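Comments concern the structure below.
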Amino acid sequence: MIEPDKLLDGARVAAEIRDEVAAEVQALAARGVTPRLDVVLVGDDPASEVYVRSKAKASAELGMRSVTHALPASTGRAELEGLVDRLNADTEVHGILVQLPLPAAIPSAAILDRIDPGKDVDGFHPVNVGLLQQGRPRLVPCTPAGIMELLAREGIDPKGRRAVVVGRSDIVGKPMAMLLLHAHATVTLCHSRTADLAAATRSAEILIVAAGRRGLIGAEHVAPGAVVVDVGMHRVTDRAVVEKLFPGDPKKMAAFEKRGAVLCGDVDTTRVAPIAGRITPVPGGVGPLTIAMLMANTVRAATLRREETP
Ligand code: GUN
């Protein structure tokens, strides 16, 4: 349970961003442009299918067009490259997102490198990564961009604060560290080989956890009053684990009885929330922000193209 005054309400901020994006979509429509996002899904990973569906739904709700290209797991590299080439060349398409992970036989880097950087709404292309690192952000990865929006709109200024990021992925950890650095935080980037993780994370005034490990961050990892942002998302189907993570929480237990699973993050919220100053919930924290920023990036890609086209 998170006390209401501690809650960092990602869902509320995401709704605010979506309203703003919807207004921008209308303004573009008045000039004859309907932003279009094309999502490429290869294989039948159930989690990816859920994400892709929610992206398509969000696009439709905001008045944008969205096309999903669902390809079988047997799809080869050349075939996928051909699709990316066609989407790059299609002037109707403003944003391209290739859902990760790809089947092991296809090298992700080669596919991501092939996407037109101006349509790269994930912000994973080396050109966009480089621009971010130089402090000239253009299309920025959605999850870290969403977290920066959350902090800003909740009145949390990273300037001069000690920020610790746990996890060094290209999708979250590295761009997150870069954004916090550009916002004048003093940034520490931790990962699975960090010696004495708790000592490092206890130094954080702002702690961002994107390690991909359920319940990794406990009470011993968090300084009193810290702002804690939990990027993790795990489906727990083991009753003993649910009881350990959420002791005496009738709501979580009822949800478990009903669905046979509950969601939790990388942070042991039951034990960390009493210590933290502010904390995001899972679900309803970072997840909705990621989708909102994907919509924002698609509108941005459409707007940048309009500005660049003579
Ligand atoms: N898989 C997990 N997160 C992401 C994301 O942000 N973008 C893409 N393309 N795939 C993902």
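Using the count of nearby Cβ atoms within 10 Å as a rough guide to exposure, how do 228, 242, 140 rank from fewest to most?
The fewest-first ordering by Cβ neighbours comes to 242, 140, 228.
What is the distance, in nm, between label points placed 7 Å from the Cα along the Cα-to-Cβ direction at residue 194 and at residue 16?
2.8 nm
Starting from the amide H of residue 67, placed 1.01 Å from N in the peptide plane, find each other amide H under 5 Å away whose residue is 5 or more places distant or on another chain.
It is 37, 38, 39, by chain and number.
Please find the FRET efficiency linking residue 29 to residue 134, where r is the Cβ-Cβ separation and R0 is fixed at 35 Å, and quote it to the nearest 0.05.
Approximately 0.55, to the nearest 0.05.
With the alpha-carbon atoms as the only input, what is the per residue convex hull volume for the chain in Å³?
Taking the convex hull of the Cα positions in the chain, it is 139 Å³ per residue.
With unit charges on the beta carbon (Lys/Arg positive, Asp/Glu negative), name the residue among 287, 276, 33 whose Cα is farthest towards the positive pole of the charge dipole of the chain.
About the Cα centre, the residue reaching furthest to the positive side is 276.
Based only on other Cβ atoms within 10 Å, what is the fewest-to-most ordering of 244, 251?
Least to most surrounded, the residues fall as 251, 244.
Take each of the peptides 63-72, 209-218, average the number of other beta-carbon atoms within 10 Å over its residues, and list them starting from the highest.
Result, highest mean Cβ count within 10 Å first: 209-218, 63-72.
Going 7 Å from the Cα of residue 92 along its beta-carbon direction, which residues of segment 20-42 have the amide nitrogen within less than 20 Å of the resulting point?
Output list for this probe position: 25-26, 28-41.
Give the distance, in whole Å, between the Cα centre of segment 1-47 and the Cα centre of segment 213-257.
Using only Cα atoms to place each centre, the spacing works out to 26 Å.
Bear in mind these aren't lab numbers, they're just calculated from the coordinates by the rules spelled out. Bear in mind the structure is a predicted one, so any value in this text is a computation, not a measurement. Counting neighbours? That spans all protein chains shown, and the Cβs are built from the backbone with ideal geometry, glycine included.
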